[in-house]
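Novice: I have a structure here, written as structure tokens, and I will follow up with some questions on it.
The values are calculated or read from the model by the stated rules, or taken from the named source; none is laboratory data. Here the structure is a predicted model, which is why all the values come from computation and not from measurement. Positions of Cβ are generated from backbone atoms using ideal geometry, with glycine treated the same way; all protein chains shown enter the neighbour counts. Note: accessible area is taken over every heavy atom of the protein model, side chains too, but ligands, DNA and RNA are not part of it. Shrake-Rupley method; radii C 1.70, N 1.55, O 1.52, S 1.80 Å.
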Amino acid sequence: MKIAILTSKNQWFLRYAKHLAKKLDAKLFYSSSDIKEKFDILFILSYHKILNKKSLSKNKHNIVIHSSNLPKGKGFAPLFHQVLEGKKEIIFTLFEANESADNGEFYIKEKLVLNGLELYNELRDKQAKLVYKMALKFVKNIDKLKAKKQKGKESFYKRRYPKDSELDINKSIKSQFNLLRICSNKEFPAFFYIEKQKFILKIYKKSD
């Protein structure tokens with residue numbers, strides 16, 4: 001079985017993609033334009049461009065794993081949006097990509113259970129491990145799985161930007177803890193303003 005993984009080169013998922021590629025003996029690509037051959041499975045993971053019909057038609061399966069219970073939560077940063085909403089159980093959907101965002105028929109849904117205390121790096125690690133597990137499950141059971149149409153009312157999450165990490169100094173830390181959890185200390189740290197002065201706030205768990 002010929003397998004490939006398409007991911008973005010400078011994204012958080014890269015090291016996990018490399019490990020998954022090794023596990024599946026898969027080729028790793030960072031741009032859809034670099035893919036010239038046909039594959040039985042192309043996993044499109046943490047890659048933020050929609051592939052056109054020509055690119056998709058090369059492969060038997062083009063698989064995306066999205067961190068929401070599709071058709072709910074289409075769009076951007078679904079895991080972080082749901083953490084911000086206070087959810088501790090988040091459904092991931094493995095589906096067949098088409099020319100519309102997050103719209104294809106699905107094969108597998110799995111639940112990620114959180115304890116409500118995970119910070120950014122822990123959330124990413126748990127997200128990646130479930131994606132890893134679902135990808136392996138799809139490969140192992142590919143001949144048994146049947147595609148199902150998405151059902152229900154769809155919803156969309158907007159893209160998040162560094163400006164969305166701003167804290168409100170008039171609100172408690174507790175009320176904004178979920179926002180702190182999804183802030184990256186390196187890429188988009190939490191911040192606040194006092195008298196037009198910007199302050200950066202980084203959050204860590206105390207080591208035992």
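Novice: Within the stretch 104-208, which GluC sites (Glu not before Pro) sit in a loop by DSSP and count at most 14 neighbouring Cβ atoms inside 10 Å?
Specialist: Filter output for the stretch 104-208: Glu105, Glu154, Glu187, Glu195.
Novice: All other residues with a Cβ under 12 Å from the Cβ of Leu136 taken together, and with Lys, Arg as +1 and Asp, Glu as -1, what is their net charge?
Specialist: Here the count lands on +4.
Novice: Express the relative contact order of the chain as a whole percentage, based on alpha carbon pairs under 8 Å and six or more residues apart in sequence.
Specialist: Answer for the chain is 17 percent.
Novice: Tell me the angle of helix 120-140 to the major Cα principal axis of the chain, expressed in degrees between 0 and 90 and rounded to the nearest ten.
Specialist: 10 degrees
Novice: In addition: For the chain, give the magnitude of the charge dipole about the Cα centre (Cβ charges: +1 Lys/Arg, -1 Asp/Glu; no others), in debye to the nearest 20.
Specialist: 360 debye
Novice: What whole-number volume per residue, in cubic angstrom, does the convex hull of the C-alpha atoms of the stretch 3-92 give?
Specialist: 110 Å³
Novice: I would also like to ask the following. Peptides 54-63, 10-19, 168-177: what's the order by average Cβ count within 10 Å, highest mean first?
Specialist: 54-63, 10-19, 168-177
Novice: Shifting gears a bit: Return P(r) of the stretch 76-208 (all Cα-Cα pairs; 5 Å bins starting at 0; whole %; ordered from short to long distances).
Specialist: Calculated P(r), rounded to whole percents: 2, 8, 16, 19, 17, 13, 10, 7, 5, 2, 1, 0, 0.
Novice: Over the stretch 152-208, what portion of Cα pair distances is larger than 13 Å, expressed as a whole percent?
Specialist: Tail of the P(r) past 13 Å holds 66 percent of the pairs.
Novice: Please give, to one decimal in nm, the separation of the simple spin-label points placed at Glu195 and Lys153, each 7 Å out from Cα toward the Cβ.
Specialist: 4.8 nm
Novice: Which ³J(HN,Hα) values, rounded to whole Hz and listed in residue order, are derived for the stretch 72-79 from phi using the Karplus coefficients 6.51, -1.76 and 1.60 in 6.51 cos²θ - 1.76 cosθ + 1.60 with θ = phi - 60°, glycine and proline given as x?
Specialist: Using θ = phi - 60°, the values come out as 7, x, 5, x, 9, 6, x, 4 Hz.
Novice: Placing +1 on the Cβ of each Lys and Arg and -1 on the Cβ of each Asp and Glu in the chain, which of Asn121, Ala97, Leu179 has its Cα farthest towards the positive end of the resulting dipole?
Specialist: My answer, from the dipole projection, is Ala97.
Novice: Cα centroid distance between the stretch 145-208 and the stretch 33-107, in Å?
Specialist: The two parts, judged by their Cα centres, are 22 Å apart.
Novice: Using a 1.4 Å probe, what is the accessible area per residue for the stretch 1-124, in Å²?
Specialist: For the stretch 1-124, the per-residue accessible area is 50 Å².
Novice: A further question follows. With point charges of +1 on the Cβ of Lys and Arg and -1 on the Cβ of Asp and Glu, referenced to the Cα centre of the chain, which listed residue (Ile169, Phe138, Ile203) lies farthest in the positive direction of the dipole?
Specialist: The residue sitting most towards the positive pole is Phe138.
Novice: For helix 14-24, what angle does its Cα long axis make with the longest principal axis of the chain, in degrees from 0 to 90 and rounded to 10?
Specialist: 30 degrees
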